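Input: a single structure, listed below in structure tokens.
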């Protein structure tokens, strides 16, 4: 049995940095959706009627996210995988088969299930969950790096001299010892409301 875990943390992807940096920090008017361009792109990339029905109104509801995950889980279940979701956006996918001990067979086993996971995501959660996560993390579509740095400083995770450049240059090799991982994750996932 192999377990695949995922936690949606779009905040750390280069795609998100690009979207955030290009748009700047201006607060949108109430009648303007700051993610209108992303909805247009997502609609063009949508492969199923389900995706198009979710995206057509320029917003994504919790019920639509739940339905997307239900469809994803149904596809996984039909293909030999058990799927569970937690309340924090995490997912767990477990194979029903036992993973072979032979290295080559184990690699084939893993590749087989990773392909199923990817195929089930298409048309169900891939486009919709990504866009929903970006909108929840940064609803005004401000410069992401700037608002995370502000959160890190506000919560005491970094000192007041910490900059956007410092944030963008951080990686696992520059990991700061004794940082509260939960607080850091909260800043990455909810930079405007944490602290």
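The values are calculated or read from the model by the stated rules, or taken from the named source; none is laboratory data. All figures in this text were calculated on a predicted structure; none of them were measured in a lab. As a convention, Cβ positions derive from the backbone with ideal geometry for all residues, glycine included, and neighbour counts pool all protein chains shown.
Within the stretch 78-106, the residues that satisfy the criterion of being without any contact (Cβ under 8 Å) to a residue 24 or more places away in the chain and exposed (fewer than 13 other Cβ atoms within 10 Å of the Cβ) are 78, 84, 86, 87, 101, 102, 103, 104, 105. The helices (runs of 4 or more DSSP H) falling completely within the stretch 107-195 include none with 2 or more residues that are surrounded by fewer than 13 Cβ atoms within 10 Å (Cβ to Cβ) and either assigned by TED's automatic domain parsing to the domain that holds residue 80 or touching a residue at least 60 places away in the same chain (Cβ under 8 Å) (or both).
Filter the stretch 33-83 for residues that are within 14 Å of residue 135 (Cα to Cα) and part of a helix (DSSP H, G or I) and give the result. Outline the logic, then answer.
If we filter the stretch 33-83 for residues that are within 14 Å of residue 135 (Cα to Cα), which is where we start, we get 33-39, 42, 55, 58-62, 65.
Answer for the stretch 33-83, where residues must be within 14 Å of residue 135 (Cα to Cα) and part of a helix (DSSP H, G or I): 36, 37, 38, 39, 42, 55, 62, 65.
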